[in-house]
Amino acid sequence: MSAHVLVIVPAWNEQDALPGTIADIREVRPDVDLLVVDDGSSDRTAAVARAAGAEVCRLPFNLGVGGAMRAGYRYALARGYDVAVQIDADGQHDPRYLAALEAALRRPGGTGGADLVIGARFAGEGEPYRVSLARGLAMRVLARTLSRMARTRLTDVTSGFRVATRRALALFAAHYPAEYLGDTVESTVIAIRAGCEVAQVPVQMRSRQAGTASQTPVKAALYLARAVVALTLALVRRWPAVDLDDTPTALPGSRS
């Protein structure tokens with residue numbers, strides 16, 4: 001029996017890129033369901049998504065990727081999906097890698113595989129993905145720290161191209177962080193501390209298909225400092241354990 005898969009696309013003012021992104025997903029995986037979380041957009045993001053045949057969840061104001069993904073995970077949990085996939089609206093995540101990412105997931109019954117699989121840009125697939133010196137340094141520090149925590153090699157813990165089993169998505173539906181880098185770094189820490197297995201699969205990212213990236217030169221300059229703060233917060237907070245029945249159980253000191 002095949003898994004019931006939901007692709008979640010967080011989108012903020014992505015009316016130009018969305019049609020191509022949705023078309024790519026439909027071409028490669030016509031069997032999956034697709035939810036676009038409109039993160040308080042001021043353009044026609046929601047209308048474009050509906051016209052392309054996607055389900056749409058509209059947030060009343062911009063919460064950031066973390067808030068949008070928490071809404072998506074809650075939708076997936078409430079509707080009984082087995083697997084939740086994050087694909088960004090800008091077209092950089094190539095859906096052709098979905099099969100490889102899903103193949104690395106834990107199989108039904110809890111045997112083998114991982115609960116959270118990350119599509120890694122710096123794992124030797126295709127052309128090297130280039131970032132600034134500061135971002136590259138921050139990414140390496142984050143990757144080494146989380147690799148030690150997960151007891152496996154992780155090279156790209158800031159990648160948003162991810163797939164999660166129902167066990168992980170149940171955790172994220174309740175506790176997914178909305179802070180800057182929380183949707184990648186802190187969510188990975190939460191998964192590890194909750195007892196989820198984390199793995200990565202090499203992928204090659206594409207160029208943004210349309211629109212304007214949310215990262216600015218100023219934000220890029222602050223990336224290293226923010227990454228250190230995000231990692232520090234993730235390490236000092238206490239997070240929930242996950243029961244084998246997929247129901248998150250809060251530990252003392254965790255957020256709800």
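Quick notes on this structure:
- Counted residues, segment 33-50 - those being more than 16 Å from the chain's Cα centre (by Cα) and among the acidic types (Asp, Glu): 2
- Looking only at segment 71-82, and only at residues there that are open to solvent by less than 10 Å² (accessible area, probe 1.4 Å) and not aromatic (Phe, Trp, Tyr), the one that is nearest to Arg106 (Cα to Cα): Ala76
- Subset of segment 174-193 (residues that are open to solvent by 10 Å² or more (accessible area, probe 1.4 Å), farther than 12 Å from Arg70 by Cα and touching a Phe, Trp or Tyr at 6+ places or on another chain (Cβ under 7 Å)): Arg193
- Among the residues of segment 158-173, those identified as modelled with pLDDT of 90 or more and either open to solvent by 10 Å² or more (accessible area, probe 1.4 Å) or in a loop (DSSP other than H, G, I, E, B) (or both) are Ser159, Gly160, Phe161, Thr165, Arg166, Arg167.
- Subset of segment 59-69 [under 10 Å from the mean Cα position of the chain (by Cα) and either open to solvent by 60 Å² or more (accessible area, probe 1.4 Å) or more than 17 Å from Leu6 (Cβ to Cβ) (or both)]: Val65, Gly66
- Condition met for Arg50 (within 25 Å of Ala174 (Cβ to Cβ) and either modelled with pLDDT under 95 or in a helix (DSSP H, G or I) (or both)): no
- Figure legend. Inter-residue proximity from segment 32-51: first residues open to solvent by 40 Å² or more (accessible area, probe 1.4 Å), second residues in a loop (DSSP other than H, G, I, E, B), beta-carbon distance below 6 Å, spacing 6+ or different chains. Indicated pairs: Asp43/Asn13; Asp43/Gln15; Arg44/Gln15.
- Filtered residues of segment 50-70 (kept if under 29 Å from Ala104 (Cα atoms) and small (Gly, Ala, Ser)): Gly53, Ala54, Gly64, Gly66, Gly67, Ala68
- Residue-level check: of (1) of a type outside the set (Asp, Glu); (2) at pLDDT below 95; (3) open to solvent by less than 50 Å² (accessible area, probe 1.4 Å); (4) not in a helix (DSSP H, G or I), Ala134 misses just (4).
- Against the numbered list (1) open to solvent by less than 10 Å² (accessible area, probe 1.4 Å); (2) out of contact with any strand residue (DSSP E or B) (no Cβ under 7 Å at 6 or more places or on another chain); (3) free of Cβ contacts under 8 Å to residues at least 60 places away in the same chain, Gly112 comes up short only at (1).
The values are calculated or read from the model by the stated rules, or taken from the named source; none is laboratory data. Note that this is a predicted model, so its numbers are computed, not measured. We place every Cβ from the backbone using ideal geometry, glycine too, and count neighbours over all the protein chains shown. Calculation scope for accessible area: heavy atoms of the full protein, side chains included, ligands and nucleic acids excluded. Shrake-Rupley method; radii C 1.70, N 1.55, O 1.52, S 1.80 Å.
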